[in-house]
Amino acid sequence: MEALEIIEREYSSPLELDDVAHRIATSRRQLQRAFTEIGGAGFRSHLAQVRMRRARELLSAGGLAVRDVATSVGYRQAAQFARTFHRHHGAPPSNFLRRPGPDPRIH
């Protein structure tokens, strides 16, 4: 479905159901129905799933603070991101941060 491709490609943007429906030349209701039929989840839920998957990848890769990950996956407020992340993954984003290990050159 073209809407899924838009979400995968533009998850960090402020995507809205009406805008995506307009871009793929369908109605809001038809797009809602398509999301429910395909994945059992609505547009917002699917968008959050994509953002949370990408956020976990970024946190695990290391190098970014939680607030930077929040911004990069489309959240303007780190607190809202943290709540959504915790609800989705069952733990706060800080639990997924890759922390640098000991320097192997130091004995």
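The values are calculated or read from the model by the stated rules, or taken from the named source; none is laboratory data. For clarity, every value in this text was computed on a predicted model and none was experimentally measured. Quick reminder, even Gly has a Cβ in these numbers, built from the backbone with ideal geometry, and neighbours come from all protein chains shown.
Taking the condition β-branched (Val, Ile, Thr), within 24 Å of MET1 (Cα to Cα), within 13 Å of the chain's Cα centre (by Cα) and at pLDDT 90 or above, does VAL73 pass? Working first, answer last.
On the way: β-branched (Val, Ile, Thr): yes; within 24 Å of MET1 (Cα to Cα): yes; within 13 Å of the chain's Cα centre (by Cα): yes; at pLDDT 90 or above: yes.
Criteria met by VAL73.
Could we say that LEU15 is assigned to a helix (DSSP H, G or I) and within 15 Å of the chain's Cα centre (by Cα) here?
Values: assigned to a helix (DSSP H, G or I): no; within 15 Å of the chain's Cα centre (by Cα): yes.
So LEU15 fails the test.
Exactly one of these conditions fails for VAL20: (1) modelled with pLDDT under 95; (2) assigned to a helix (DSSP H, G or I). Give me its number.
(1)
Name every residue in the stretch 28-62 that is without any contact (Cβ under 8 Å) to a residue 12 or more places away in the chain, surrounded by fewer than 13 Cβ atoms within 10 Å (Cβ to Cβ) and in a loop (DSSP other than H, G, I, E, B), in order of residue number.
GLY40
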